[in-house]
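Student: Below you will find the structure I want to go over with you.
The values are calculated or read from the model by the stated rules, or taken from the named source; none is laboratory data. Quantities reported herein were computed from a predicted structural model and do not represent experimental measurements. Cβ atoms come from the backbone with ideal geometry, glycine included; neighbour counts cover every protein chain shown.
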Amino acid sequence: MLKPFSTPIYVTQPLLPDLIKYNCLLRKIWKAKWLTNMLGPCHHVLETKLSQYLKVPHLSLFNNGTNALITAIQALDLTGEVITTPFTFAATPHSLVWNHLQPVFVDIDEASLTMNPSKIEAAITKKTTGILGVHVFGNPCDVTSIKQLAQTHHLKVVYDAAHAFGTTVLGQGIGNYGDITMFSFHATKLFHTAEGGALTYQDEQFKDKLYYLKNFGIKNEEEVITVGSNGKMNEIQAALGLAVLELVAEEMKARQKILKLYQQRLSNQPGIIFTQITNQNESQSFQYFVIRIDSQLFGQTRDQVYVKLRRYHVYARKYFYPLCSRYQCYRHLPSSAPNNLPIATKIAQQVISLPFYGRLTPNQVNRICDIILKKEI
Ligand code: T4K
């Protein structure tokens with residue numbers, strides 16, 4: 001008989017470095033007596049190491065992903081409307097509204113769950129100045145078609161790669177596409193700094209612009225040249241990042257094994273659909289493990305599976321239900337009408353994000369799958 005887990009199993013568990021190693025890095029900070037303002041011993045090293053890891057020419061650290069995304073959009077001087085996806089975390093459309101821009105939601109592609117380029121094209125108006133794509137669950141957007149659309153219609157492209165740390169397309173780091181790409185380093189991400197984020201870009205001129213925008217616009221003691229916020233990553237965060245970065249390769253290997261076990265147990269089950277793209281040209285981020293439940297074929301709805309898992313102390317999540325277009329602050333927009341977003345509306349009813357982190361044991365994964373497959377609701 002299946003028994004509930006004695007301790008809760010959450011959707012993720014943060015990767016935590018050995019405290020002795022972390023302490024060594026903290027000691028450097030204590031010695032330098034620089035805790036923030038991008039001048040301590042860890043900030044610069046982390047920036048360099050991450051640009052190498054992500055295979056990008058330029059990278060600027062931020063205190064969280066949301067602030068980074070808001071600042072990226074500010075740096076691009078967008079106006080009017082920006083086309084985006086409703087199948088994402090709240091921070092994506094919010095970052096547009098913080099910049100006084102109107103989000104225009106378009107439907108997603110059923111396989112990749114990212115914005116459908118033909119829907120983007122149809123949504124372009126005279127007011128459109130940009131496209132904000134999300135590499136959701138680490139699945140890359142159709143970067144080639146989006147680039148073409150942007151060139152034809154003179155639009156800027158920002159990518160939200162909060163889930164795509166380490167994703168590559170044709171051997172290129174995902175942060176090389178678009179004008180600016182945002183990565184999140186929140187505690188729930190594979191690579192993290194507790195809270196944190198980064199922007200990556202090809203054009204070196206963004207370096208100074210982003211610096212001022214995340215540092216109050218301060219140029220020197222007597223000059224403030226723009227309306228910047230405080231988006232700086234501090235030394236304690238950067239030190240954690242340096243320690244966590246050393247663990248990423250092992251964690252990815254562990255997650256690969258867990259992914260395989262989930263796939264073995266859940267593939268060929270009528271009504272269970274995997275959402276991660278496995279394409280020869282693209283590598284995965286191992287950030288989330290999300291399945292779709294087709295209730296007609298599976299015999300249980302996603303919500304029934306979600307509740308059943310909770311009864312056994314497994315706290316799966318419905319990333320991303322509801323769609324952002326259903327939020328109180330966005331449902332009035334013309335593009336939020338469900339008939340404009342039929343695929344996203346269907347997918348949001350089906351998705352469930354299962355526990356996925358390196359310290360899950362095969363026994364735990366097997367028990368989670370047993371609960372999912374159990375006929376009883
Ligand atoms: N764009 C996209 C597409 C995003 O998904 C996100 C963030 C952003 C932008 C914004 O980036 P940041 O500004 O956050 O850098 C979580 C995360 O807080 C959020 O970062 C993430 N996306 C989103 C998808 O998931 P919640 O509300 O689900 O988090 P929470 O606190 O419920 O955590 C989930 C589970 O993780 C908990 O049940 C237990 C475990 N957990 C969590 C934390 C914080 C731990 O074990 N330890 C911890 O310290 O949003």
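Student: Within the group Gly299, Gly271, which residue is in contact with an Asp or Glu (Cβ under 8 Å, 6 or more places away or on another chain) and touching a residue at least 24 places away in the same chain (Cβ under 8 Å)? Give the derivation first.
Tutor: On the way: Gly299 fails: in contact with an Asp or Glu (Cβ under 8 Å, 6 or more places away or on another chain).
Testing whether each residue is in contact with an Asp or Glu (Cβ under 8 Å, 6 or more places away or on another chain) and touching a residue at least 24 places away in the same chain (Cβ under 8 Å) leaves just Gly271.
Student: Give Ala348, Ala344 a once-over and let me know the one that is in contact with a strand residue (DSSP E or B) (Cβ under 6 Å, 6 or more places away or on another chain) and either touching a residue at least 60 places away in the same chain (Cβ under 8 Å) or within 23 Å of Ile258 (Cα to Cα) (or both). Working first, answer last.
Tutor: Working: Ala348 fails: in contact with a strand residue (DSSP E or B) (Cβ under 6 Å, 6 or more places away or on another chain).
Of the residues listed, the single one that is in contact with a strand residue (DSSP E or B) (Cβ under 6 Å, 6 or more places away or on another chain) and either touching a residue at least 60 places away in the same chain (Cβ under 8 Å) or within 23 Å of Ile258 (Cα to Cα) (or both) is Ala344.
Student: Within the group Ala164, Ala187, Ala198, which residue is out of contact with any Phe, Trp or Tyr (no Cβ under 7 Å at 6 or more places or on another chain) and crowded, with 24+ Cβ neighbours inside 10 Å?
Tutor: Numbers: Ala187 fails: crowded, with 24+ Cβ neighbours inside 10 Å; Ala198 fails: out of contact with any Phe, Trp or Tyr (no Cβ under 7 Å at 6 or more places or on another chain).
Exactly one of Ala164, Ala187, Ala198 is out of contact with any Phe, Trp or Tyr (no Cβ under 7 Å at 6 or more places or on another chain) and crowded, with 24+ Cβ neighbours inside 10 Å, namely Ala164.
Student: State which residue pairs qualify: first residue surrounded by fewer than 16 Cβ atoms within 10 Å (Cβ to Cβ) and inside segment 309-331, second residue of a type in the set (S, T, N, Q) in any location, beta carbons under 6 Å apart, and separation of 6 or more residues or different chains.
Tutor: Partner pairs satisfying both residue conditions: none exist.
Student: Given the criterion under 29 Å from the mean Cα position of the chain (by Cα), within 16 Å of the ligand (Cβ to nearest atom) and surrounded by fewer than 13 Cβ atoms within 10 Å (Cβ to Cβ), identify the matching residue among Pro8, Pro14. Steps first, please.
Tutor: Values: Pro14 fails: surrounded by fewer than 13 Cβ atoms within 10 Å (Cβ to Cβ).
Exactly one residue qualifies, and that residue is Pro8.
Student: Could you go through segment 303-322 and let me know if any residue there is touching a Phe, Trp or Tyr at 6+ places or on another chain (Cβ under 7 Å) and of a type in the set (S, T, N, Q).
Tutor: Scanning segment 303-322, I find no residue that is touching a Phe, Trp or Tyr at 6+ places or on another chain (Cβ under 7 Å) and of a type in the set (S, T, N, Q), so the answer is no.
Student: If you take the residues of segment 163-189 that are touching a Pro at 6+ places or on another chain (Cβ under 9 Å) and among the hydroxyl-bearing types (Ser, Thr, Tyr), which of them is farthest from the ligand (Cβ to nearest atom)?
Tutor: The qualifying residue farthest from the ligand (Cβ to nearest atom) is Thr168.
Student: Ok, one more. On the given criteria, is Lys147 assigned to a loop (DSSP other than H, G, I, E, B), away from the ligand (no atom under 16 Å from the Cβ) and either under 24 Å from Asn63 (Cβ atoms) or without any contact (Cβ under 8 Å) to a residue 60 or more places away in the chain (or both)?
Tutor: Values: assigned to a loop (DSSP other than H, G, I, E, B): no; away from the ligand (no atom under 16 Å from the Cβ): yes; either under 24 Å from Asn63 (Cβ atoms) or without any contact (Cβ under 8 Å) to a residue 60 or more places away in the chain (or both): yes.
So Lys147 fails the test.
Student: Kindly list the number of the only condition in (1) in contact with an Asp or Glu (Cβ under 9 Å, 6 or more places away or on another chain); (2) assigned to a loop (DSSP other than H, G, I, E, B); (3) not charged (D, E, K, R) that fails for Gln349.
Tutor: Every condition holds for Gln349 apart from (2).
Student: Moving on. Please name all residue pairs, on different chains or six or more residues apart, with Cβ atoms under 8 Å, provided the first residue is in segment 104-119 and is more than 14 Å from Thr345 (Cβ to Cβ) and the second residue is modelled with pLDDT under 95 and among the aliphatic types (A, V, I, L, M).
Tutor: Listed by first residue and then by second, the contacts come to Ala111/Ile277; Ser112/Ile277.
Student: What are the residues in segment 334-346 that are outside any helix (DSSP H, G or I) and surrounded by fewer than 19 Cβ atoms within 10 Å (Cβ to Cβ), if any?
Tutor: From segment 334-346, those outside any helix (DSSP H, G or I) are 337, 341; that's our starting set.
Hit for segment 334-346 is Ala337, nothing else.
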